[in-house]
1. For the peptides 71-77, 100-106, what is the packing order when you average, over each peptide's residues, the other Cβ atoms within 10 Å and list the highest mean first?
2. P(r) for segment 36-114: what percent of alpha-carbon pairs falls in each 5 Å bin, starting at zero?
3. Ranked from highest to lowest mean number of other Cβ atoms within 10 Å per residue, what is the order of the peptides 80-91, 36-47?
4. At 7 Å along Cα-to-Cβ for each site, give me the label-to-label distance between residue 108 and residue 53 in nm.
């Protein structure tokens with residue numbers, strides 16, 4: 001049986017690839033799986049990835065419907081809400097609630113004022 005534990009805020013990795021945010025850690029004995037939520041400049045979806053540190057594998061857990069090219073993704077401290085900006089006109093910020101079972105529900109969309 002796998003338990004999920006929310007972790008403290010982590011750093012968003014800025015590379016030439018889509019930005020990746022460590023989301024939470026699931027542990028079972030010595031196996032550790034890091035879940036990463038990422039956006040992309042080429043698709044409107046968000047992707048929940050799983051990295052198994054023992055097997056050294058990266059897999060796609062789920063695709064979360066998005067609303068634009070999400071270049072920045074972050075969470076609140078409790079890790080029960082996700083926020084993402086989009087490259088759109090006007091610029092927008094989107095929010096989702098997240099259950100411990102990793103179910104994403106879109107909550108709101110707001111235009112970003114200048």
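Each value in this text was obtained by applying a stated rule to the coordinates, not by laboratory testing. No experiment lies behind these values; they were computed from the predicted model shown. Cβ atoms come from the backbone with ideal geometry, glycine included; neighbour counts cover every protein chain shown.
1. Working: 71-77: 15.4, 100-106: 12.6.
Packing order, densest peptide first, comes out as 71-77, 100-106.
2. Going from the shortest bin to the longest, the percentages are 3, 15, 25, 24, 16, 9, 4, 2, 1, 0.
3. On the way: 80-91: 15.6, 36-47: 17.9.
Ranking, from highest mean packing down: 36-47, 80-91.
4. Here the answer is 3.6 nm between the modelled labels.
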